[in-house]
Amino acid sequence: MRQIGIVGSGPMAIYLLKHLSVSDDRLAISIFEASEAAGLGMPYNSEYNADYMLCNAFSREIPAIERPLLGWLKDRPARELNQWELTAHDLAARAFYPRVLIGEYLQSQFEDLCKSGQEAGHQIRVFTQSCVVDIKTAEDGTPSISYRSGQEGSGQDIQTAQFDFVAIASGHSWPEVPEIDGVAMVSPWPYTNITALTHADIGILGSSLSAIDSVMALGHARGVFDQIGDRISWLPNDADDDLRITMVSHMGIMPEGDFYYPFPYEPLTCLTRAAVDDEIVGGSDGLLDRVFALLCDELDAADPDYLTALPSTARTVEGFAPGYFAHRREMGGLQALKRDLTVVGESLKRKETIPHRYVLLRSHEIFDHVLRDLSEEDYARFLEHLMPVFADCYAAVPHLSLARIVALYDAGVLALIATEERAEFSETDDGMIAVDTEDGTIEFDALIDARGQASAGLKDLPFPELVKALRAPEEPVIRPFALDLARSGTDRIYCLALPQLLERYPFSQGLVECCDLARCVAEDILSG
């Protein structure tokens, strides 16, 4: 019976367990979770997130574990749905739900998955409050996990368990006190870091999903959102509260709202997997430009007027993003958001897609397929010039979240500004945080770092003996995600830790990607 150790019990680990459990051979699987509760993951854990923070994947997009999310929700008793201010009539395949509700689904499915796996003959053990401190390999290549069990500070001894294979699925990694230019900022996790702030002038670094959550936390902590019909307004708890929230981002714009598109997806016609495979065969020289030309062909086919309306430079890798973002930048981030909310609302009401956005949403999957074949120079070009566009499309925001952002803007407490090129951050003599922006230097009482998960190298893994054993710790991990260790015959440790994946798989966040990446590792383990 093969022994498999999994570090972490969040979504990546859950989908890995799902894909391993299909094995006809019986497996012994041990799962190590540092916290008290297994089967959640940081983005879905109520200790870190509030119930008003929405997941930006609608229910039908979330890969089923034992059963689909919508089916699971429909079986919840009315009193349980009531706690989420939901009724059976609110449940729909295109609905967005709070991340902590998704967490309850994940945890329930994890428990069911463990039970069904055990019934199929697998040995599945879950160790909570078990913090993995290192991963080592013996002379014969056998990996082992060293972990402390019990509450932190209780004088736990380090225990060691040997396995045939080990998978690191440790999820997100956030600094307790993030810094930029040596200036300490506020971490957005847990959300209570934000709700505890009593300052007047609060800055939020970023304008995407994590930043929107931070704004929501401040809005709920310092006031109430009131909805009458389709209109949402915000009122402060204290009429004398002089709260001022300023979102600070590179371009001073926000992602657009969710829009209608067919699901399951309809196939693209020009930017296809087969066409890209042909370009890969042609070699890495000029590969990014050739694949980008296919994207332009796809946009022309879907919406002939779109690229024509942009400057001619938009048909180049370097010129596409400025053309794509120009309208929102010229109108102003939050004014553009108000206009966009009307446009995407009509898209959903009429069930009519927005062709160029649908193409770009679909295209990130095709570009992800080619990224590992790019030269280092072209990969850097992709990250600088095209990734911001894909990240913007990928981060489509639920309308309720945008409507609340607009409510704060209309109440006069929320602004969105762009930083200067190579903006500097500094601390003033009186303890304020100064930021260089296009509107000049602005000072804040507190600055929240809501830029999202950053990428990290293998050398940054929190397992010192494992890092020492790596043949090339500066190299990124690639499919099938087995680590290349200096000792031969030791490719039995897999890395699915999110910061390390992001180094060369920039689209690896989200439940769909967790399912796909975990399947790759499970197939490699089972085939070995």
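The values are calculated or read from the model by the stated rules, or taken from the named source; none is laboratory data. Quantities reported herein were computed from a predicted structural model and do not represent experimental measurements. Cβ coordinates were reconstructed from backbone atoms using ideal geometry, including for glycine residues, and neighbour counts include every protein chain displayed. All accessible areas refer to the heavy atoms of the entire protein, side chains included, with ligands and DNA or RNA removed. Shrake-Rupley method; radii C 1.70, N 1.55, O 1.52, S 1.80 Å.
A few comments on the model shown:
- Distant-in-sequence amide contacts of V133, defined by a placed amide H-H separation under 5 Å and a gap of 5 or more residues or a different chain, comprise S146, Y147, R148.
- With θ taken as phi - 60° and the Karplus curve 6.51 cos²θ - 1.76 cosθ + 1.60 applied, the whole-hertz 3J(HN,Hα) list for the stretch 100-105 is 6, 5, 4, x, 5, 4 Hz, x standing for glycine and proline.
- Distance between the C-alpha centres of the stretch 1-30 and the stretch 365-425: 34 Å, rounded to the whole angstrom.
- Per-residue ³J(HN,Hα) for the stretch 327-333, Karplus 6.51 cos²θ - 1.76 cosθ + 1.60, θ = phi - 60°, Hz, x for Gly and Pro: 4, 5, 5, 5, 6, x, x
- Rg ratio for the stretch 421-509: its Cα radius of gyration over 2.2 N^0.38 Å, N being its residue count, equals 1.59.
- Prolate/oblate/rounded label for the stretch 1-60 (Cα gyration tensor, a/c 1.5): oblate
- Area accessible to solvent at C514, 1.4 Å probe radius, in Å²: 20
- Accessible area of E346 (1.4 Å probe, protein heavy atoms only, ligands and nucleic acids ignored): about 60 Å².
- Listed residues H356, H327, H89, H172 arranged by accessible area, highest first, probe 1.4 Å: H89, H327, H172, H356
- Computed over protein heavy atoms with a 1.4 Å probe, the accessible surface of the chain works out to 45 Å² per residue.
- Percentage relative contact order, the stretch 136-180, counting C-alpha pairs under 8 Å, at least six apart: 31
- Fraction of accessible area attributable to carbon and sulfur, the stretch 357-440 (%, probe 1.4 Å): 44
- Taking each DSSP H run with n ≥ 4 as -39500 (n - 2.57) and averaging over every residue of the chain yields -11000 deg cm²/dmol at 222 nm.
- Ranking E66, E179 by solvent-accessible area of protein heavy atoms (1.4 Å probe, all protein chains present), from largest to smallest, gives E179, E66.
- Look at where the Cα atoms of the stretch 245-277 and of the stretch 120-138 average out, and the two centres are 38 Å apart.
- Residues whose placed amide H lies under 5 Å from that of G257, excluding near-sequence neighbours: V397
- A cut-off under 11 angstrom between Cβ atoms defines the neighbours of G219, and their net charge, with Lys, Arg +1 and Asp, Glu -1, is +1.
- Considering only beta bridges that DSSP places wholly inside the chain, some 50 percent are antiparallel.
- Magnitude of the charge dipole, the stretch 1-69, Cβ model with Lys/Arg +1 and Asp/Glu -1, debye to 20: 240
- Alpha carbon centroid spacing (whole Å) that separates the stretch 436-497 from the stretch 43-100: 31
- For the stretch 408-425, the Karplus equation 6.51 cos²θ - 1.76 cosθ + 1.60, evaluated at θ = phi - 60°, returns couplings of 5, 5, 5, 7, x, 10, 10, 10, 9, 10, 9, 7, 6, 4, 6, 4, 10, 10 Hz by residue, with Gly and Pro reported as x.
- Accessible-area composition of the stretch 128-193, carbon plus sulfur, in percent [1.4 Å probe]: 41
- Here's the list of aspartates and glutamates a cross-link from K74 could span, going by alpha-carbon distance under 18 Å and ignoring same-chain residues fewer than 8 apart: E61, E66, E85, D90, E104, D112.
- Separation in nanometres of the label points that stand 7 Å from Cα toward Cβ, at D241 and M331: 2.9
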